[in-house]
Amino acid sequence: MRYEFGGRFLEPSPFFCQTRLRIPTKASMNRSADPITDPLRLKALRSLSLVDSPAEESFDRITRLAARLLKCPASVVTLIEEDRQFFKSCVGLPEPLATLRGSPLSHSFCKLTVRAGERFLIEDARVDPRVVAHPAIEEYGIVSYAGFPIRTRSGEVLGTLCVVDVVPREWTEDELETLRELSASVESEIELIAAAERERDHARMFQTMIQASPLSVIVMDYDGRVELWNEASEAIFGWTSAEVLGYPLPIIPDHKLDECQRIRDAVGDGSVFRCVDTYRAKGEDANGERRTVHVNVSAVSLHRYDGHSDRILLIIDDVTQSHADTLERERLFRELQKEKALLSEMDERKNRFLALLAHELRNPLTPIGNAVDLLRFAAKDPNQVNEISTVLESQVHQLVRLIDDLMDVSRITRGRIDLQRETVSIHDIVANSCRAVESLCNEMGHELIRRTDPKQSLHVHGDYVRLTQVVTNLLNNACKYTPPSGRIEISCGQVDGQVEIAVKDNGVGIPPEHRKGIFEMFTQVDETLKDSRGGLGIGLTLVKQLVELHGGKVSLVDSDDTSTGSEFRIHLPCLDAKPNEPKTIVEEDRPTRCFRVLVVDDVPAIAKMFTMLVGAMGHEVHSAPSAPEGIQLARELRPDIVFSDICMPDMDGYELARQFRSLSELDSSMLIAMTGNGQPEDIRMAMEAGFDRHVTKPASVQRLREIFQELEARREMK
């Protein structure tokens, strides 16, 4: 079938151009043997998205110009794929070729140009041995052909620009130069298309990066209007793109309206402006205030092609949490510094306390040691022995008081103190406390003044012993810190529905620098051993803790600079009731029986002195230095009562009690734990192990008499 075009008859022929590298730049191993199927060439072709694309006027102008200048009936821009050719532009082709815009490679002369990689000319195809059997000759009537390869900038051959004729042609050099220049124009058009596609790729990539960025990206003009606002900006500041695009930047607070101008000035010379600042966000925080975020801002000016700066790019990182973490670290650091200073102060107090404790323990130990030595010389003088005994009793009482104070603080601190509450009279507590310090006041020549109204009913629900301890401690302090012949006043009454007890003296007073920590552990106004007034500095700590356990409060009354002395006030919840009648304690007669006693203690001095004391009370006493020996001796003696220490090596007192209770021959023996551990937990463990009673060392004669009286009462009941 033949088609008529340009006044001549031409059979349809496909015209796809094949690609050839201008300068080989790829390794041969990456190339196909046939340039038509070369993967690198095909990749370059497909990257431009020109195949099967709509006709474009720029290419059509070139093909029309080629046909006119070379006086050919047809001109085509072809792109060669691996199995067909596509006409990007065609002039003079008959239908249906013009509409189909392509044909199989079997009917293509352009594929020969691609394989050659340079211009390919046919003057008379009917006699040219290279193409004499080509189907386009017979089917489309093509007789002459001239084609130039079209290359990419990197040298890949995409196709051809060619002209065809239905008669033989001798192509002149001028015609070929014209066709070469026109093929160069096609290459330029393709490069423009490639450049535009690259621009579109870059724009898409840039847009994707902006939207995917975790950083806020904002572009605004020099009037402060927003032109770009990404998703991270929405997430950080709360405003959507629709709310901000075309409007002034909303994150600038009213008091920072000059912010944009400051940024413009900072980036005007092309430098990058950076700052960390607080900006507002949409909405309110938990406190109902305008929400703000702490951000790290980088700003740079955007320049047009002519170098003029007309936009500002802001890159913003939300550092609110980081800023909060920094503030928290700073706060924790300050707290650690305070804790460090406090620990240092507490360590210093501890050292002073240990020195004071050693001093206070030596005070009673010194006369005790002297008394022991003196007994060797005064054994035959009953009056002197009696006097020495009185001194020993007083000093032992002082030691016990020191230890009791320490144990009380420990129990209260650990929450292991139980108040024996009852309805008690404050008048009785004040009177009893005054009697407790009477001898000390007389010794120092103090005047003790008690201001109370016995007719006024003052009752509280509390522990009589502990409240007496509180008031006595305050009176003792007043005595110690008041110079001889001083005046001490104690008063009680009802104020605002509460019982108030006030202790006032005209002593040395408490300097302002000591007032804040006066109730803290181990605090004394005079902190040197030289100035120590006695005690461990825990009296006021005990006072505070015991008063608070009763639901009350103790305070040091502020005084002016002209006054001397101190005044402490205690406030306790008041009860409108009468106190319970005190129980009358009738002392039982002294035991008349002599009991067999066994003492088990691994400390020889304690065992010896205790056996001597029990012996002096009229009982038969034996001792054992360890728990196993104590059990053996008990089986032999079958004692009426056994006093056993708890903390002993190899076998402790608890195990002794358990084994003791497993022996039937010792069922009638009374078992007493006598130890230095006097906490409630220690008492419970002793009872569970099998002891009948728990006695804290040192045991007084009165306590021992009570135990022997109880044992005697048991025996009489049997």
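The values are calculated or read from the model by the stated rules, or taken from the named source; none is laboratory data. Quick caveat, the model's predicted, so the values are computed rather than measured. Using ideal geometry, Cβ is built from the backbone for each residue, glycine included, and neighbour counts are taken over all protein chains shown. Keep in mind that these areas ignore ligands, DNA and RNA; they rest on the heavy atoms of the full protein, side chains included. Shrake-Rupley method; radii C 1.70, N 1.55, O 1.52, S 1.80 Å.
Details
- In segment 600-705, counting only helices (runs of 4 or more DSSP H) that sit wholly within it, the ones holding 1 or more residues that are free of Cβ contacts under 8 Å to residues at least 12 places away in the same chain span 604-616, 627-637, 680-689.
- Any chance Asp306 is in contact with a strand residue (DSSP E or B) (Cβ under 6 Å, 6 or more places away or on another chain) and either at pLDDT below 85 or not in a helix (DSSP H, G or I) (or both): no
- Selection from segment 175-191 of residues that are among the small types (Gly, Ala, Ser) and open to solvent by less than 30 Å² (accessible area, probe 1.4 Å): Ser183
- Taking segment 208-297 and the strands (runs of 3 or more DSSP E) fully enclosed by it, the elements with 3 or more residues that are free of Cβ contacts under 8 Å to residues at least 40 places away in the same chain and open to solvent by 30 Å² or more (accessible area, probe 1.4 Å) are at 273-284.
- Ser58 vs. criteria surrounded by fewer than 20 Cβ atoms within 10 Å (Cβ to Cβ) and either farther than 17 Å from Ser185 by Cβ or touching a Phe, Trp or Tyr at 6+ places or on another chain (Cβ under 9 Å) (or both): no
- Subset of segment 600-644 that is touching a strand residue (DSSP E or B) at 6+ places or on another chain (Cβ under 6 Å) and under 15 Å from Pro698 (Cβ atoms) - its residue that is modelled with the highest pLDDT: Phe643
- Residue in segment 696-703 that is farther than 23 Å from Leu392 by Cβ and open to solvent by 10 Å² or more (accessible area, probe 1.4 Å) present: no
- Screening segment 72-98 for residues that are of a type outside the set (Val, Ile, Thr) and free of Cβ contacts under 8 Å to residues at least 60 places away in the same chain and picking the one that is least open to solvent (accessible area, probe 1.4 Å) gives Ser89.
- Cβ-Cβ under 8 Å pairs, at least 6 apart or on other chains, segment 164-191 side in contact (Cβ under 8 Å) with a residue 24 or more places away in the chain and among the acidic types (Asp, Glu), far side part of a helix (DSSP H, G or I) and open to solvent by 30 Å² or more (accessible area, probe 1.4 Å): Glu175/Leu69
- Exclusive hit being over 20 Å from Arg596 (Cβ atoms), open to solvent by 20 Å² or more (accessible area, probe 1.4 Å) and not hydroxyl-bearing (Ser, Thr, Tyr), set Arg715, Arg684: Arg684
- Some residue of segment 421-436 being open to solvent by 60 Å² or more (accessible area, probe 1.4 Å), of a type in the set (Lys, Arg), under 47 Å from the mean Cα position of the chain (by Cα) and more than 30 Å from Met346 (Cβ to Cβ): yes
- Of all residues making up segment 121-140, the number that are open to solvent by 40 Å² or more (accessible area, probe 1.4 Å) and not small (Gly, Ala, Ser): 10
- Screening Phe708 on (1) surrounded by fewer than 18 Cβ atoms within 10 Å (Cβ to Cβ); (2) under 30 Å from Ser389 (Cβ atoms); (3) touching a residue at least 40 places away in the same chain (Cβ under 8 Å); (4) out of contact with any strand residue (DSSP E or B) (no Cβ under 7 Å at 6 or more places or on another chain) shows it passes everything except condition (1).
- Annotation: Leu313 fulfils all but one of (1) within 38 Å of the chain's Cα centre (by Cα); (2) free of Cβ contacts under 8 Å to residues at least 40 places away in the same chain; (3) open to solvent by less than 80 Å² (accessible area, probe 1.4 Å); the unmet one is (2).
- Any chance Leu314 is of a type in the set (A, V, I, L, M, F, W, C) and part of a helix (DSSP H, G or I): no
- Among the residues examined, Phe206 qualifies as closer than 24 Å to Arg304 by Cβ and among the aromatic types (Phe, Trp, Tyr).
- The residue that is farthest from Leu474 (Cα to Cα), among those in segment 510-565 that are aliphatic (A, V, I, L, M) and at pLDDT below 70, is Leu529.
- Any chance Ser491 is open to solvent by 60 Å² or more (accessible area, probe 1.4 Å), touching a strand residue (DSSP E or B) at 6+ places or on another chain (Cβ under 9 Å) and either in a helix (DSSP H, G or I) or at pLDDT 85 or above (or both): no
- Residue that is farthest from Asp174 (Cα to Cα), among those in segment 99-120 that are touching a Leu at 6+ places or on another chain (Cβ under 7 Å) and open to solvent by 30 Å² or more (accessible area, probe 1.4 Å): Lys111
- Arg200 being basic (Lys, Arg) and touching a residue at least 12 places away in the same chain (Cβ under 8 Å): no
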